[in-house]
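Here the structure comes first, spelled out in structure tokens, and everything after it is commentary.
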Amino acid sequence: ERSAYLMRAADAVEASAEGLARLLSREQGKPLNGPNARFEVGACAAWLRATASFALEPEVLVDDEGGRAELHYRPLGVVGAIGPWNWPMMITVWQLAPALRMGNTVVVKPSEYTPLSVLALAEVLNTVLPADVLRVVSGGRDVGEALAGHAGIDKVMFTGSTATGKAIIRSSAGTVKRLTLELGGNDAGIVLPDADPEAIAEDLFWGAFINTGQTCAALKRLYVHEDIYEDVVAALAGVA
């Protein structure tokens, strides 16, 4: 039944896709086309469907003469989801869809820089979801701290800076919450001498500059073997 709700939520997102993409573009700043606003809204629908397809059958860990042990997945209760501004809709779906699939309720706190995009997304989702399983509370850092420290929140998911992640750990310590934190990255690319510069240039470029480079997993550094260094530079400049 929960999977069916998520499938209907994906349909609702697709039905409102253009309006959501235009609001996202105006608020966050990414262009409509390319791997940007329309792409992000499409990814929301795709991730809702992917999450709905997860199997949650009990897993048999041991079944022999010594005994039988099964692993069952059960909801925690209320999940707090604190999202970023760079992919506000898509990462919110990454947070809320698995939580709802498991039977939890979710309180979303969007970035104070992109609250409208997330409020609009939730408005669309709530046209098909049961009442009050998904709520959005917008505001600044004080709202995030309140969620992280609230005794009624059983788990916090956060995507954002390492400094804010540390603050969430501190705020949640008193209630020993479960935490999932996706913090800043420092990702490297390596080009070996047998690579074809022209063949790899476009993927390297978007690895660094997707969403105008404002992505936690974006390529931050590129190491290129000296034998093909100049050719890779020229190929990347051509893509740019």
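The values are calculated or read from the model by the stated rules, or taken from the named source; none is laboratory data. All of these numbers come straight from a predicted model, not from anything done at the bench. Don't worry about glycine lacking a Cβ; one is built from the backbone with ideal geometry, like all the others, and counts go over all protein chains shown. When the accessible area is computed, the model is the full protein with side chains, heavy atoms only, and any ligands, DNA or RNA have been set aside. Shrake-Rupley method; radii C 1.70, N 1.55, O 1.52, S 1.80 Å.
Here are a few things to note about the model shown:
- Residues that are open to solvent by 30 Å² or more (accessible area, probe 1.4 Å), small (Gly, Ala, Ser), in contact with a helix residue (DSSP H, G or I) (Cβ under 9 Å, 6 or more places away or on another chain) and in a loop (DSSP other than H, G, I, E, B), drawn from the range 108-151: Ser138, Ala151
- Verdict on Ala17 being of a type in the set (A, V, I, L, M, F, W, C) and farther than 21 Å from Thr159 by Cα: yes
- For the range 54-86, a residue qualifies if it is in contact with a helix residue (DSSP H, G or I) (Cβ under 7 Å, 6 or more places away or on another chain) and either closer than 30 Å to Phe209 by Cβ or not in a strand (DSSP E or B) (or both), and the qualifying residues are Phe54, Ala81, Ile82, Gly83, Pro84, Trp85, Asn86.
- Some residue of the range 173-196 being in a helix (DSSP H, G or I) and at pLDDT 95 or above: no
- Residue in the range 215-227 that is open to solvent by less than 70 Å² (accessible area, probe 1.4 Å), farther than 20 Å from Phe39 by Cβ, out of contact with any Phe, Trp or Tyr (no Cβ under 9 Å at 6 or more places or on another chain) and of a type in the set (Ser, Thr, Tyr) present: no
- Any pair with Cβ under 7 angstrom, 6 or more apart, that starts in the range 213-235 at a residue that is of a type in the set (Gly, Ala, Ser) and ends at one that is open to solvent by 90 Å² or more (accessible area, probe 1.4 Å): Ala235/Glu198
- Residue in the range 176-185 that is among the charged types (D, E, K, R), open to solvent by 60 Å² or more (accessible area, probe 1.4 Å) and over 27 Å from Ala81 (Cβ atoms) present: no
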